[in-house]
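The values are calculated or read from the model by the stated rules, or taken from the named source; none is laboratory data. What you see is a predicted model, and the numbers here were worked out from it, not measured in a lab. For neighbour counting, all protein chains shown are included, and Cβ atoms are generated from backbone atoms with ideal geometry for every residue, glycine included. Surface areas here come from the heavy atoms of the whole protein model, side chains and all, with no ligands, DNA or RNA. Shrake-Rupley method; radii C 1.70, N 1.55, O 1.52, S 1.80 Å.
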Amino acid sequence: MPLYDFRCRACGHEFEALVRPGHEPGCPACASADLERLLSSFAVSYKEKTQAAAKSKRQKQATQAHRDNIAMEREIEEHRREDH
């Protein structure tokens with residue numbers, strides 16, 4: 001009896017359901033049988049989660065540093081214009 005991920009086409013609710021042979025699941029939110037079976041997510045190790053979080057943090061910091069550098073360059077240019 002496999003466990004599948006579903007999205008209800010009627011209300012958009014996403015859920016997991018244990019599917020038994022000959023038994024179609026229904027949406028627990030609205031009881032609709034109009035369901036879309038989703039691709040199941042895979043288990044990710046703690047190390048992979050940590051690495052992904054660190055990479056995301058570095059990318060956000062790099063983006064912010066780039067924006068800060070641009071703002072600083074604009075400010076320096078404005079001060080140069082004021083001095084001359």
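Of all residue pairs spaced 6 or more apart or on separate chains, those with beta-carbon atoms under 6 Å, a first member in the stretch 32-59 that is farther than 17 Å from Glu16 by Cβ and open to solvent by less than 100 Å² (accessible area, probe 1.4 Å) and a second member that is of a type outside the set (Lys, Arg) and modelled with pLDDT of 80 or more are Asp34/Ala10.
Considering every residue within the stretch 29-51, establish whether at least one is acidic (Asp, Glu) and over 27 Å from the mean Cα position of the chain (by Cα). No: zero hits. Counting the residues of the stretch 14-58 that are in a helix (DSSP H, G or I) and either within 19 Å of Leu3 (Cα to Cα) or of a type outside the set (Gly, Ala, Ser) (or both) gives 9.
Against the numbered list (1) of a type outside the set (A, V, I, L, M); (2) surrounded by fewer than 10 Cβ atoms within 10 Å (Cβ to Cβ); (3) over 22 Å from the mean Cα position of the chain (by Cα), Glu73 comes up short only at (2). Looking across the stretch 1-13, just one residue is touching a Leu at 6+ places or on another chain (Cβ under 8 Å), of a type in the set (A, V, I, L, M) and part of a loop (DSSP other than H, G, I, E, B), and that is Met1.
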